Amino acid sequence: MLFSRTAKEIRSGLWALSPFSAMASLQLAHKILAGETQNEKPNKIDAAVRYLIDESGTPFLPRTAEEIPPDSIGVIEIVGEMIKYGNPFCYGADEYVRFAQQFEDDPNIIGQIWIMDTPGGGLGSVGPFRDFARNKKKPVLARVDMCASAGLWIASPTDHIQVQNDISSMMGSLGVMATLRSYEKYYEDLGIKDHVINADPSSYKNKEFKEALKGNYELIRKYLLNPAAEKFQQHVQADRRGKINTGVEGILEGRMFYGEESIEYGFADSMGTMTDAIEKVKELAAVSAFMNNNY
C-alpha cells in the first residue's frame with residue numbers, strides 16, 4: 001500500500017514536533033491514512049536536496065564521482081516535517097542519511113553543511129541521524145532556520161550549529177508529545193462495538209493507550225512520553241557539552257528561542273551567512289586533518 005511506512009509512523013509513532021506544524025499537518029495525515037494521496041503525482045527529485053560546493057565556494061552538481069574536485073563540501077537541505085522512511089512525495093531520514101554517508105565516504109569531500117528548516121517530526125527519524133553522527137569522521141555544520149523538537153535532536157550532535165538570522169530562525173521545543181483520537185462513539189453510533197481482550201498474563205499490554213482513551217494520561221506519560229523526553233534532554237545536554245543554560249525558564253521543557261537567544265542560551269554556536277558556514281567547515285576540516293595526522 002502506498003505510504004504504508006508513513007501511515008505506520010502516523011498511527012503508532014511518538015512525535016517531537018512544534019504545535020504549529022502539528023496542527024497544520026493533521027489534514028495531510030488524515031489524507032494519507034485515508035489513502036487519498038495515492039493518485040497524486042510524485043514530485044521528489046534527489047538533486048533538489050543535495051549538491052556540492054567547490055573550494056572557491058561555487059555550488060555545483062556532479063554527474064559522476066570523478067567530477068568531484070578535492071576540498072569540496074557536501075550540502076543537504078533538510079526541510080519540513082521529519083519521518084523515518086521516505087516515500088514518493090517526501091524525503092525520510094533513511095534517504096538523508098544515505099546522502100550524508102555518500103559525502104562522508106568520498107575522499108574529495110572534506111565536510112558537510114546540513115541546511116535545516118524543520119519543525120521536528122517522528123521520533124523514528126532521529127536514530128539514523130544520530131547513528132551517522134556517532135560514526136562520522138568529517139565535520140558537519142548544521143545551518144538552521146526553524147530547528148524544533150526532533151530537528152533539535154538531530155542537529156545537536158553536529159560539530160557546529162549556525163542560526164541563519166534573528167528574524168525567522170528559532171530553536172527549541174525540546175519535548176515529546178502524542179495525540180490520540182477516539183472513534184469509539186462514532187463506531188457505536190454505526191452499531192459497531194470493539195471488544196479488546198487481553199490474556200491473563202498480559203494485563204499491561206496496551207494499558208497506557210486504553211487508559212489514555214478514557215482520559216487517564218498517567219500511564220502513557222510515565223511509560224512512553226516521559227522516558228522519551230528525558231532521553232531527549234540528556235542527549236542534547238551531552239551533545240552541547242555543558243553549553244545549555246539550564247537556568248533559563250523552560251529551556252529543557254519545550255520553550256522556543258529566536259536566533260540570538262539560541263546562541264546566548266547554548267542551543268547554537270553562531271549566526272552567519274552561507275559563506276561563513278563554508279569557512280567554518282573548512283576550519284573544522286583543517287583541525288580534524290591536523291589531529292588525525294599528528295595524534
Suppose we filter A286, A238 for residues that are surrounded by fewer than 17 Cβ atoms within 10 Å (Cβ to Cβ), over 14 Å from P139 (Cβ atoms) and among the aliphatic types (A, V, I, L, M); which single one remains? A238
Under 6 Å by Cβ, and 6 or more places apart or on different chains, what pairs join a residue from segment 125-148 that is within 24 Å of M291 (Cα to Cα) with one that is of a type in the set (K, R) and in a helix (DSSP H, G or I)? L141/K280
Filter segment 238-269 for residues that are small (G, A, S) and over 20 Å from the mean Cα position of the chain (by Cα); which is farthest from W153 (Cα to Cα)? G247
Among the residues of segment 96-113, write down those that are crowded, with 20+ Cβ neighbours inside 10 Å and more than 19 Å from E66 (Cβ to Cβ). Y96, V97, A100, G111, Q112, I113
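One line per residue, one yes/no per condition, for (1) surrounded by fewer than 11 Cβ atoms within 10 Å (Cβ to Cβ); (2) modelled with pLDDT of 90 or more; (3) polar (S, T, N, Q); (4) farther than 20 Å from L123 by Cα:
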| position | (1), (2), (3), (4) |
| --- | --- |
| D189 | yes, no, no, yes |
| S203 | yes, yes, yes, yes |
| E211 | no, yes, no, yes |
| G215 | yes, yes, no, yes |
| E218 | yes, yes, no, yes |
| Y223 | no, yes, no, no |
| Q233 | no, yes, yes, no |
Of those in segment 270-283 that are of a type in the set (S, T, N, Q) and outside any helix (DSSP H, G or I), the residue surrounded by the most Cβ atoms within 10 Å (Cβ to Cβ) is S270
Among the residues of segment 246-269, how many are surrounded by 12 or more Cβ atoms within 10 Å (Cβ to Cβ) and of a type in the set (S, T, N, Q)? 1
In segment 195-217, how many residues are touching a helix residue (DSSP H, G or I) at 6+ places or on another chain (Cβ under 7 Å) and either more than 30 Å from W153 (Cα to Cα) or of a type in the set (D, E, K, R) (or both)? 3
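Rundown of residues vs (1) in a loop (DSSP other than H, G, I, E, B); (2) open to solvent by 20 Å² or more (accessible area, probe 1.4 Å); (3) hydroxyl-bearing (S, T, Y); (4) farther than 27 Å from Q234 by Cβ, yes/no style:
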{"residue": "P70", "(1), (2), (3), (4)": "yes, yes, no, yes"}
{"residue": "I78", "(1), (2), (3), (4)": "no, no, no, no"}
{"residue": "Y85", "(1), (2), (3), (4)": "yes, yes, yes, no"}
{"residue": "M116", "(1), (2), (3), (4)": "no, no, no, no"}
{"residue": "G121", "(1), (2), (3), (4)": "no, no, no, no"}
{"residue": "G124", "(1), (2), (3), (4)": "no, yes, no, no"}
{"residue": "D131", "(1), (2), (3), (4)": "no, yes, no, no"}
{"residue": "R134", "(1), (2), (3), (4)": "no, yes, no, no"}
Filter segment 136-185 for residues that are charged (D, E, K, R) and open to solvent by 40 Å² or more (accessible area, probe 1.4 Å) and give the result. K137, K138, D159, D166, R181, E184, K185
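This table checks each residue for (1) in contact (Cβ under 8 Å) with a residue 12 or more places away in the chain; (2) of a type in the set (D, E); (3) part of a loop (DSSP other than H, G, I, E, B).
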| position | (1), (2), (3) |
| --- | --- |
| Q162 | yes, no, no |
| M171 | yes, no, no |
| G175 | yes, no, yes |
| L180 | yes, no, yes |
| Y186 | no, no, no |
| H195 | no, no, yes |
| N198 | no, no, yes |
| P201 | no, no, no |
Checking E184 against (1) touching a Leu at 6+ places or on another chain (Cβ under 9 Å); (2) modelled with pLDDT of 95 or more; (3) farther than 21 Å from E253 by Cβ, which single condition isn't satisfied? (2)
The one condition in (1) over 23 Å from the mean Cα position of the chain (by Cα); (2) at pLDDT below 90; (3) among the small types (G, A, S) that A48 fails to fulfil: (1)
Kindly list, by first and then second residue, each pair from a residue in segment 238-264 that is without any contact (Cβ under 8 Å) to a residue 40 or more places away in the chain to a residue that is outside any loop (DSSP other than H, G, I, E, B), limited to pairs with Cβ atoms under 6 Å and residues at least 6 apart or on different chains. I244/Q237
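The values are calculated or read from the model by the stated rules, or taken from the named source; none is laboratory data. Remember, it's a predicted structure, so these values are computed and weren't measured experimentally. Positions of Cβ are backbone-derived with ideal geometry, glycine not excepted, and every protein chain shown enters the neighbour counts. Side chains included, ligands, DNA and RNA excluded: accessible areas come from the protein's heavy atoms. Shrake-Rupley method; radii C 1.70, N 1.55, O 1.52, S 1.80 Å.
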